[in-house]
Structure formats: structure tokens, C-alpha cells
Amino acid sequence: MSMDQTEAEALNAQFGIEDQVSFREQSPGFIVIDIANAQATAALALQGAQLLTWTPAGQPAVVWQSPEARFVDGKSVRGGVPVCWPWFGARPDDATLPAHGFVRTARWEVIRTATLAGSGATRVELRFLHSDATRRMWPHRSELELHVDIGSTLEMELISRNTGAEAFTMTQALHTYFAVGDIRQTRVTGLDGCDYLDKVGEEQRRRQQGPVTFSGETDRIYVDTDADCLIEDPHLQRRIRVSKRGSHSTVVWNPWIEKADRLGDLGEDGYLHMVCVESANAADDRVTLEPGNEYHLAVRYSVEALD
Ligand code: TA6
């Protein structure tokens, strides 16, 4: 970056793609990448490599961003796809550490941007930048990359590498907020018969009967499931398919009224218009990575008509 260039200008010079990929400062120091192609538009924050929105052509937004989202350094933006790594939820051995790990509130760097031949989708590849602060929380030598393909479908791949001499164990999730017309009419199918950890109140293990429906705070880790989930939305007359690879647990979350008020950044009735379906390695679905090995957690989101 030359002395007289802003960071966004330097990034545009190095990674911008005319009419497709551009960088801007959403707020002081908070860089956002705007992506537009014939199939979709999207926005992605450098902080946390957090996809903020994804809107396929001809559709309302599929990935939800809170109308009260705040763009401040060190605070995860409410909505989009927060990357939870190298632990999901509270750190089991130290609750003073940030929930959902530390990469979602730290700076990543762009490795590459490209237009994919054939599909015409836009690819953005990013790498997490460790710091002294993060090494104090996670002393293991490791690399983390996120590859995002934005088109008529959204594909994301989170790649963890153990570059050290000892194995480490992690949990993780792509904590995706999906936009729905009305959570009270929304159903999530694909989890029938699965056991789940019900995190609302005293943790209980239960079994899912039929579709997941919503009439209150819902916070569940479904275990031993590789299945696609379908978010059925009669209000928006669509079905969102959540496909995943490398994940054997799925988290379903809606804060409902009281928790949404406590969180304070979902906006008026925001809880009615979102549901999190998170492809995870959570609970007992931990990942132990041996030295020199890597692990891929991948998702693919698509929209279908609700017949
Ligand atoms: O994935 C569900 C969950 O663990 C909920 O318990 C709730 O805490 C949610 O994540 C959001 O967490 P955040 O730290 O982003 O407010």
C-alpha cells in the first residue's frame, strides 16, 4: 500500500475485478468487499471473513443481516455467516475466552479473487492472520482459510491446517443466518429422528419428531447428522437447501423475543425474519488434526421453489 493510498484503494488495485469485486470502508478501518455478478450480489467483511449478505438474482436476500447490525472492530456483525473457530460456543476449559472462538472478530487477508470459468461465479479466498493475542488463546501452529464462491448458489469451504508438531482438537461452525418471511410459519426438515442437545434451560438430550417448528427460543445441537436441511418458507414461497460436507452436527437457533431483546442488535421483530442453521463440528463431533493434516468443512446453499 503506497503512502497516499487508502487500504481500500490498495485492495482494489490488487484484488478488485471491474464490475464484479470492489473494496470499501464500511466504517473506519472496517473493510467490506462488494461482489456482483449476473447470478447474485453479496457483501463480505474482512473482519472474520464474514459473509454479510447473499442475494441470488430474482430472490429476496437468502443470507440475513440484521437491520441493526453494527460494524465495529472486534465485534461480530449480527447476521451473515460468522466463522466459529477453533471452538464452538463457550470454551470448555475457560469461559473467560470469547464465545465461538476468536477468528470471527479478527482480521483476515485476501489471498485471491477470481471469476470462475463456466459458472461465472465469483470466488474470494481469505486467510486468517494470527496475532500475539490469538496465539495466547490458541498456541497451536495452524492455518485457516475460507474459500467463498458467490453465484446462483453459495459455496463456502473452511480449511484448517495443522502446521505444528503436535495434534490439536477443535470444534467449529459456519454460523449462518438465513432470511425467512416469518419464523412462526417456517419449518426445517431433514432432522427427523435425530438426537439433539437442547440448550434452552437445563441442557437435555432429546429426539426430533418430524420437522423443526418455532414457537419460542430454540437452541439445539443436532448430533450424528450429515443430512441436508431444508428451510421451508411459505411466506417467501421458497425452500433453502443447506448441504454440507465434513460436518456431523447441525445447530438450529432462533433467539425469540426475550433473548433477541437482550442481544439488542436484531432490530424490531428481527427474530421473526431469521433462522440459524449452522453446519458444525460441535459437541462430541470434535475434530482432532494430526501434524501436517488439514480438515475441510464445506457448505452449499441453494434456493428451490416451494411446491
Ligand atoms: O449457535 C447458537 C448460539 O450458540 C446461541 O446460543 C447464541 O449464543 C448464538 O449462538 C449467538 O451467539 P453470539 O455470540 O453471536 O451472540
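Of note:
- In summary, the aspartates and glutamates within cross-link reach of K244, defined as a Cα separation below 12 angstrom excluding same-chain residues under 8 places away, comprise E155, E157, D226, D228, E278.
- Each of G151, V21, V287 was scored by the projection of its Cα onto the charge dipole of the chain, and the greatest displacement toward the positive side belongs to V287; charges sit on the C-beta of Lys, Arg, Asp and Glu.
- Per-residue ellipticity at 222 nm computed for the chain from its helices equals -2000 deg cm²/dmol, with DSSP H segments shorter than 4 residues left out and the rest contributing -39,500 (n - 2.57).
- The range 79-164: C-alpha gyration tensor shape, a/c 1.5 cut-off, then a/b vs b/c: prolate
- Note on the range 173-307: with charges restricted to the Cβ of Lys and Arg (+1) and Asp and Glu (-1), its dipole about the Cα centre is near 240 debye.
- When both the range 121-197 and the range 87-105 are represented by their alpha-carbon centers, they are found 14 Å apart.
- Surrounding net charge for R70, when Lys and Arg each add one and Asp and Glu each subtract one, Cβ distance under 12 Å: -1
- Averaging 1/r over each pair of different alpha-carbon atoms in the range 165-292 and inverting the result gives 15.4 Å, the Kirkwood hydrodynamic radius.
- In plain terms, the residue of I221, I159 with the fewest other Cβ atoms within 10 Å comes first and the most crowded comes last, giving I159, I221.
- Hz values of 3J(HN,Hα) by residue in the range 159-175 - Karplus curve (6.51, -1.76, 1.60), Gly and Pro given as x: 10, 9, 10, 9, 9, x, 9, 10, 5, 9, 10, 9, 10, 6, 6, 9, 8
- Global geometry of the range 199-266, whether rounded, prolate or oblate, following the gyration tensor of its Cα atoms and the 1.5 cut on a/c: oblate
- In percent, rounded to a whole number, the relative contact order of the range 187-297 is 24, using alpha-carbon pairs under 8 Å and six or more apart.
- Relative contact order of the chain, pairs being alpha-carbon contacts under 8 Å that are 6 or more residues apart, as %: 16
- Computed with the Debye formula from one identical point scatterer per Cα of the chain, without solvent, the log10 of I(q)/I(0) at q = 0.16 Å⁻¹ comes to -1.44.
- Basic side chains Lys and Arg get +1 at the Cβ, acidic Asp and Glu get -1 at the Cβ, and with that the dipole of the chain about its Cα centre reaches some 240 debye.
- The alpha carbon centroids of the range 250-307 and the range 26-55 are separated by 18 Å.
- Against the rule of thumb 2.2 N^0.38 Å, how large the Cα Rg of the range 17-128 comes out: 1.13
- Relative contact order %, the range 87-137, counting alpha carbon pairs below 8 Å whose residues are six or more apart: 27
- When S215, S279, S119, S142 are sorted by how many other C-beta atoms sit within 10 angstrom of their C-beta, beginning with the fewest, the order is S215, S119, S142, S279.
- Residues I231, I183, I17, arranged from fewest to most other Cβ atoms within 10 angstrom of their Cβ, appear as I17, I183, I231.
- Longest DSSP-loop-exposure-free segment, GluC sites (Glu not before Pro), the chain, at most 16 other Cβ within 10 Å: 69-165
Values quoted throughout were computed directly from the atomic coordinates according to the rules given, and no laboratory measurement underlies them. It should be emphasised that the depicted structure is a prediction, and the values quoted were computed from it without experimental measurement. We place every Cβ from the backbone using ideal geometry, glycine too, and count neighbours over all the protein chains shown.
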